[in-house]
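The structure under discussion is supplied below as structure tokens; questions concerning it will follow.
Derivation of every value follows stated rules applied to the coordinates shown; laboratory data play no part. Everything numeric in this text was worked out from a predicted model, so none of it was measured. Please note: Cβ atoms are built from the backbone with ideal geometry, for glycine as well, and neighbour counts cover all protein chains shown.
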């Protein structure tokens with residue numbers, strides 16, 4: 001850990017290495033339901049004993065935005081997706097609601113993704129675009145653009161409060177192994193890996209940011225920094241750019257494998273979609 005902090009300092013990141021302990025009594029309660037924001041780390045999550053939600057590491061003001069759906073700015077986009085749900089699009093004259101009468105029927109889907117279907121690792125964005133192209137005859141949406149992140153937030157919120165529980169064995173094992181490899185591989189001009197920040201140095205300050213474990217149980221998340229919903233792959237891209245590495249493609253095999261590995265590190269945490277972060 002000392003070597004990592006030395007590396008960060010040498011890289012001119014101006015790390016302020018004061019540990020800022022999260023408030024032990026903080027609770028995330030939405031509509032009367034308490035979500036799990038701390039859990040025992042799964043056996044496959046190396047080097048940590050407890051997994052913790054990124055909500056813990058935010059300011060009280062930011063935390064408060066997620067406690068009430070009326071205050072949560074992400075729900076502006078969820079509302080847009082509700083309108084899109086009934087909108088006919090494509091050559092087949094169908095809307096999402098033509099096949100899926102109630103979006104509530106998707107409760108339980110978000111905690112299991114990504115997953116392997118027919119030998120391929122698929123994320124929720126893949127499932128949405130499969131419906132659009134194969135059933136609606138419509139153009140696919142771009143991975144991290146507004147309509148896609150709004151729709152994945154609408155579908156994801158149906159599982160809010162359910163524990164993350166992705167499969168990492170069987171057909172999923174090689175994808176998980178690849179994601180783990182990416183998590184620990186140093187890249188970019190700053191020669192850093194995901195683990196350097198989110199495993200070695202979480203709960204410390206880097207400039208004005210309180211580093212979290214990088215859990216993705218709340219994605220898509222509303223970032224106050226850019227005032228929009230962000231997909232997990234967009235956040236991966238941003239992290240890689242910050243360490244001056246060439247980002248992988250959003251929706252590409254590298255980021256999908258990383259998504260699976262990160263989801264597995266958060267096993268037991270509640271789905272928080274859509275969360276609010278800095």
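Given contacts defined as C-alpha pairs under 8 Å and at least six residues apart, what's the relative contact order of the chain, whole-number percent?
28 percent
Right, here's the next one. What number, in nm² with one decimal, is the all-direction average of the projected area of the convex hull of the alpha-carbon atoms of segment 173-246?
Projected area, direction-averaged: 5.5 nm².
FRET efficiency for residue 34 and residue 278, Cβ-Cβ distance as r, R0 = 25 Å, nearest 0.05?
Here the calculated transfer efficiency is 0.60.
Kindly express, to the nearest 10 degrees and within the range 0 to 90, the angle between helix 75-85's C-alpha long axis and the longest C-alpha principal axis of the chain.
In the chain, helix 75-85 runs at an angle near 30 degrees to the longest axis.
Give the dimensionless ratio obtained when the Cα radius of gyration of the chain is divided by 2.2 N^0.38 Å.
My calculation over the Cα atoms of the chain gives 0.99.
Against the longest principal axis of the chain, how steep is helix 253-265, in degrees 0 to 90 to the nearest 10, with axes from Cα atoms?
Roughly 70 degrees between the two axes.
Using only Cα atoms and rounding to the nearest 10 degrees, what angle (0 to 90) does helix 146-157 make with the longest principal axis of the chain?
It is inclined by approximately 90 degrees.
Using the alpha-carbon centroid of each, what span in Å lies between segment 222-278 and segment 108-122?
17 Å
Counting just the Cα atoms, what span does segment 75-157 cover along each of its three principal axes? Round to the nearest Å and put the largest first.
Between the extreme Cα coordinates on each principal axis of segment 75-157 lie 30, 29, 24 Å.
If you take every DSSP beta bridge whose two residues both sit in the chain, what share of them, in percent to the nearest 5, is antiparallel?
85 percent
Using a 7 Å offset from the Cα along the Cα-to-Cβ direction at both residue 102 and residue 181, what is the distance between the two label points in nm, to one decimal?
The two pseudo-label positions are separated by 4.4 nm.
Pulled fully out, how much extra length does the chain show between residue 47 and residue 71, if you take 0.36 nm times their separation in residues and subtract their Cα-Cα distance?
Length difference between fully extended and current span is 5.0 nm.
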